[in-house]
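Step one of this worksheet: look at the structure below.
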Amino acid sequence: MEDFSLPHDSFFLGLDSSTQSLKATVLDSNLNIVGSELVRFDSDLPHYKTKDGVYRDPSINGRIVSPTLMWVEALDLILSKFSDSNFDLRKIAAVSGSGQQHGSVYWKNGSSSILSSLDPKKRLVDQLGDAFSTKESPIWMDSSTTEQCREIEKAVGGALELSQLTGSRAHERYTGPQIRKIFETQPEVYQNTERISLVSSFVASLLIGAHACIDETDGAGMNLMDIKKRVWSDRALEATAPGLEQKLGKLAPAHAVAGNISPYFVERFSFNKDCLIIQWSGDNPNSLAGLTLNTPGDLAISLGTSDTVFGITDDPQPRLEGHVFPNPVDTKGYMVMLVYKNGSLTREDVRNRYAEKSWETFNAFLQQTQPLNGGKLGFYYKEHEILPPLPDLICMYLLTCVVGFHRYILENFNGDTLEGLDEREVEEFDPPSEVRALIEGQFLSMRGHAERFGMPSPPKRIIATGGASANQSILNSIASIFGSDVYTVERPDSASLGAALRAAHGWLCNQKGTFVPISDMYKDKLGKTSLSCKLAATAGDAQLVSKYGLFLKKRIEIENRLVQRLGRC
């Protein structure tokens, strides 16, 4: 039997450059966590004067950026923390990483020579101050590119055409529209840029001392890559900015080696000169890897500030809603993802309004109300929502119509038929019904859009993560609505953990000289390591799941009418 074990006494480092922090997780050869560190941008690097890791530009509506040099200094700082704790960085065989998706960095003409000649006696930040054509990086929170989104969609034949080509319709946070905006509004910056990196390939570039490739998985979050061919799309490039392909460089598979670690880090932090830097990718793909979501039929639900649903498939069907990316640990598969803005903050808002600002009261209300909520349906939009997708013609002014709570009662609904129902809209429910309407509404929406996007129904299993995954009442509702067992994980950070796993996986692929399925690396280790999952809620009764399906059908019908109505407001 072929040996797929990792080298004994070696470590694998995963870094996650997120919006608010830089996190690190280290795994040993048995895939157990043996080290971690954290740099918080606001508190550990206060001289950048960020709030939540970003700058919000009051002069330009929707413009949100981060200082590029802050990310540079954070890398030096987190490695210094490892050194100060006497962690033996010489044992690290490979490093990979996760970057907040859609953030972009603009390297100045001539910056490659700066990267390749770093002085290990000096900090990175002291040497790269003049390496960027703009010192502020647009990030995923930026929503100032609506005009550029519409221009790009029009140039390629419409939003659906762009989605089928690149995996997503144009989104304000996506890198393609951000690049087009810089080309249109700051042409001197665009002309003075020799390479455009994503946050992921940017930090990888620092580590190898040269411009690293963008990996195919994170590259799919740009509206620039042909999702099926996994190459830059000429049509998308031409619709975005001239001469763009040269500034982007080449794409690479996520498991590929970006290069050996730069001599700078060998001399400054005592890394082994043979340490491999595996391609970095986006935070969502790394979370998929960190949750060990590697079987078609699995589904992950992340319950945080925004809620996300993602799964894997061999046959993606891009739509106006959702996103398609290549699977970071499978050269042929894809990951599909749905994103909701109204996540934990909306749950907290309903708790504060109707449940005495208490999660105990919130959970008690959820437990004392019956499934299907007596036919009460709710749509809770504290923020402008991504799903359902809005018609192309709806402008930013009309988006304000979507914010608000919308409630309906289906009189005489028993879950057996939709015939003869008396539907009416109401101003408010009683508090317990509000809580159940919110929770059922959120997860019915997830189930409905997931099914429309081609995800399995019911899923083989659901892995729940994020803050609300600690709420047993919510997990029980997910199991009942989806008809699937729900598992939870006890992991400090799925993105940096996924990056560490990908570092080990990339090392193994390089050692074997070919792509190795990540399941071969796991073998029987999943239940015995930091990767284990715990059953938290069992699948709902099949009859109830069927009734929820009928409830969902009516919800989608009302949702479609609601969107049309709000579009005319």
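Readers should treat all values here as calculations from the given coordinates under stated rules, not as data from a laboratory. Quantities reported herein were computed from a predicted structural model and do not represent experimental measurements. As a convention, Cβ positions derive from the backbone with ideal geometry for all residues, glycine included, and neighbour counts pool all protein chains shown.
In whole Å and largest first, what semi-axes does the C-alpha gyration tensor of the chain yield when each eigenvalue is scaled by 5 and square-rooted? If you can, show how the numbers build up before the last one.
Working: eigenvalues 317, 156, 92 Å².
That gives 40, 28, 21 Å for the three semi-axes.
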What aspartates and glutamates sit close enough to LYS357 to cross-link, taking a C-alpha to C-alpha distance under 17 Å and skipping anything fewer than 8 places away on the same chain?
GLU348, ASP349, ASP430, GLU434
Amide N proximity, region 16-50 versus GLU490 label position 7 Å along Cα-to-Cβ, cut-off under 18 Å:
31-36
If the only charges are +1 at each Lys and Arg Cβ and -1 at each Asp and Glu Cβ, what is the size of the charge dipole of the chain around the Cα centre, to the nearest 20 debye?
340 debye
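Only Lys, Arg, Asp and Glu count, each charged at its Cβ (+1, +1, -1, -1), so figure out the dipole size of region 299-364 about its Cα centre, rounded to 20 debye. The partial results should precede the final answer.
On the way: 7 positive and 9 negative charges, 38 e Å.
Computed charge dipole of region 299-364: roughly 180 debye.
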Sparsely packed GluC sites (Glu not before Pro) within region 297-379, loop by DSSP, other Cβ within 10 Å at most 14
GLU356
Amide H contacts under 5 Å for ILE92, restricted to residues at least 5 apart in sequence or on another chain and with H modeled in the peptide plane, are PHE11, ASN272
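Loop only per DSSP, at most 13 neighbouring Cβ atoms within 10 Å: give me the GluC sites (Glu not before Pro) in region 423-480, ordered by residue number. It would help to have the intermediate numbers written out before the result.
On the way: sites: GLU423, GLU425, GLU427, GLU428, GLU434, GLU440, GLU451; in loops: GLU427, GLU428.
Taking region 423-480 and a limit of 13 other Cβ atoms within 10 Å, the loop GluC sites (Glu not before Pro) found are GLU427, GLU428.
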Report the charge-dipole magnitude of region 452-517 in Debye, nearest 20, computed about the Cα centre from +1 at each Lys and Arg Cβ and -1 at each Asp and Glu Cβ.
240 debye
Evaluate the distance, in nm, between pseudo-label points positioned 7 Å from the Cα of LYS273 and of LYS534 along their respective Cα→Cβ axes.
4.7 nm
For ALA256, residues with placed amide H under 5 Å, excluding near neighbours
GLN279
Sites matching trypsin sites (Lys or Arg not before Pro) across region 424-520 that sit in DSSP coil, with at most 14 neighbouring C-beta atoms within 10 Å
LYS460
Lys/Arg Cβ at +1, Asp/Glu Cβ at -1, dipole of the chain taken about the Cα centre: which of LEU338, GLY375, LEU244 is farthest positive-ward?
LEU244
Overall Cα dimensions of region 55-105 - principal axes, largest extent first, Å:
48, 20, 13
